[in-house]
1. Using a Gaussian network model of the chain whose springs link C-alpha atoms within less than 10 Å, name the residue from I110, I99, I49 with the highest mean-square fluctuation.
2. What are the semi-axes of the equivalent ellipsoid for the stretch 16-137, taken as the square roots of 5 times the Cα gyration tensor eigenvalues, largest first, in whole Å?
3. So which residue, out of M86, M56, M26, gets the largest mean-square fluctuation from a GNM of the chain using Cα contacts under 10 Å as springs?
4. How large is ³J(HN,Hα) for each residue in the stretch 113-128, as worked out from phi by the Karplus curve 6.51 cos²θ - 1.76 cosθ + 1.60 (θ = phi - 60°), to whole Hz, x for Gly and Pro?
5. Taking every pair of distinct Cα atoms and averaging 1/r, then inverting, what Kirkwood hydrodynamic radius in Å comes out for the stretch 1-41?
6. Give me K41, K112 ranked fewest to most by other Cβ atoms within 10 Å of their Cβ, as a rough exposure proxy.
Amino acid sequence: MLRKVFELPMNLIIGHPVIDDDHARMVRIINETAVALEESKFHEATKLIFNFIELMREHTVREEEILHGTEFPWVEEHAARHRQIMIMLPRLIDESEKIQDGGKAWDALIDKLIECLLADAFEADLAFKAHLAGHRV
Ligand SMILES: [Fe+2]
Ligand SMILES: [Fe+2]
């Protein structure tokens, strides 16, 4: 059975084009990974997970630069949150190697990718969204 395509909820659109574009690219990789796993293309899935990790790493750097540029008051707290997310990422590779038996554990792996993205976009970036909106008024 095909897994439902994951979409970032509208309220998680931050309102900064660079940040939103990065988040959208991560959403795309998550969905491509789900398709690869469904089709038992484990090699491709692992490659996509590497891409996800790399993009998340680049994203946190880009995003922190943007936060600095807008005098966001909680850059340090946000950067600490990013570091926590980075610690979660290598585990995704271990997980992807474990599910090469074709079992349904891949569903849980996709949930973990989504969890990593939401840990950033939802738990951390929403504070910046409010700050950005306040700046424009
Ligand atoms: Fe963030
Ligand atoms: Fe982000």
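Nothing in this text is a laboratory measurement; each read-out follows from the coordinates by a stated rule. All of these numbers come straight from a predicted model, not from anything done at the bench. All Cβ positions, glycine included, derive from the backbone under ideal geometry; neighbour counts span all protein chains shown.
1. I99
2. Working: eigenvalues 187, 34, 23 Å².
Ellipsoid half-lengths, sorted descending, are 31, 13, 11 Å.
3. Fluctuation is largest for M86.
4. 4, 4, 4, 5, 5, 5, 4, 7, 5, 8, 6, 10, 6, 4, 5, 6
5. On the way: mean 1/r = 0.0890 Å⁻¹.
Taking every pair of different Cα atoms in the stretch 1-41, averaging 1/r and inverting gives 11.2 Å.
6. On the way: K41 14, K112 18.
Neighbour counts put them in this order, fewest first: K41, K112.
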